[in-house]
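Shown next, in structure tokens, is the structure this report addresses.
The values are calculated or read from the model by the stated rules, or taken from the named source; none is laboratory data. It should be emphasised that the depicted structure is a prediction, and the values quoted were computed from it without experimental measurement. Counting neighbours? That spans all protein chains shown, and the Cβs are built from the backbone with ideal geometry, glycine included. Only protein heavy atoms, including side chains, enter the accessible area calculation; ligands, DNA and RNA are left aside. Shrake-Rupley method; radii C 1.70, N 1.55, O 1.52, S 1.80 Å.
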Amino acid sequence: MRNSTAPVSPKEATTNVVYKFSCQEGRCDGSSIYIGRTSTTLRRRMQSHRNQGSIFQHFTDIHIMKPPLQKLLE
Ligand SMILES: [Zn+2]
């Protein structure tokens, strides 16, 4: 505890990470899996996923909704 203003979640602030997203929404049972790699922070990458890319495409096609940011971060 050196700095009380440090980012709240180290996980979300990590750079150069490989991430896996498996969709548990609706009739998906985790069989729709997306794996990606990002050199920016995970939060920034997931925010872009909310508006474009294969996860966004999956959500808009199958679930008729935008991927919730919280779900992506889980
Ligand atoms: Zn799905």
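Of the solvent-accessible surface of region 12-68, computed with a 1.4 Å probe over protein heavy atoms with every protein chain present, carbon and sulfur atoms account for 46 percent.
For region 12-68, the extents of the C-alpha atoms along the principal axes are 32, 20, 15 Å, listed from largest to smallest. Note that region 12-68 presents 63 Å² accessible area per residue, ligands and nucleic acids not counted, probe 1.4 Å. Computed extension gain for Q57 through I35, at 0.36 nm per residue and net of the alpha carbon distance, reaches 6.5 nm. Annotation for Q24 and Q70: the two label points, set 7 Å from Cα along the Cα-Cβ direction, are 1.3 nm apart. Using θ = phi - 60° in the Karplus curve 6.51 cos²θ - 1.76 cosθ + 1.60, the 3J(HN,Hα) couplings for region 16-32 round to 6, 10, 9, 10, 10, 10, 10, 7, 10, 7, x, 7, 6, 10, x, 7, 8 Hz; x is entered for Gly and Pro.
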